[in-house]
Amino acid sequence: MGRLFPEGGTHALVRTLVQLYEELGGELRLSTPVKAVDLIEEDGRTKHRVSTEMA
């Protein structure tokens, strides 16, 4: 039994997930201090709002 690897390697998998997240309206910020994380219940879904020092 061998190992399975994503085509293009794990970096390609991460790039694809980030691209999809951004296409759906998400914003990815790396190395950003987080001030607070709020959970918001809306339309039967839980959303996360993250407050940063930059916001």
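No lab work stands behind these numbers, since they all come straight from the coordinates. As the structure is a computational prediction, the values presented were derived from the model and not from experiment. Cβ coordinates were reconstructed from backbone atoms using ideal geometry, including for glycine residues, and neighbour counts include every protein chain displayed.
Largest first, the three principal axis extents of the alpha carbons in the chain are 44, 30, 23 Å in whole numbers. Among the GluC sites (Glu not before Pro) found in the chain, those both in a DSSP coil and sparsely packed, with 15 or fewer other Cβ atoms within 10 Å of their Cβ, are Glu7, Glu27, Glu53. Each Cα pair under 8 Å and six or more residues apart adds its separation to the average, and for the chain the resulting relative contact order is 23 percent. Placing unit charges on each Cβ (+1 for Lys and Arg, -1 for Asp and Glu) gives the chain a dipole about its Cα centre, and among Ala36, Ser51, Phe5 the Cα reaching farthest toward its positive end belongs to Phe5. Restriction of the trypsin sites (Lys or Arg not before Pro) in the chain to DSSP coil positions whose beta-carbon has at most 13 other beta-carbons within 10 angstrom yields Arg3, Arg29.
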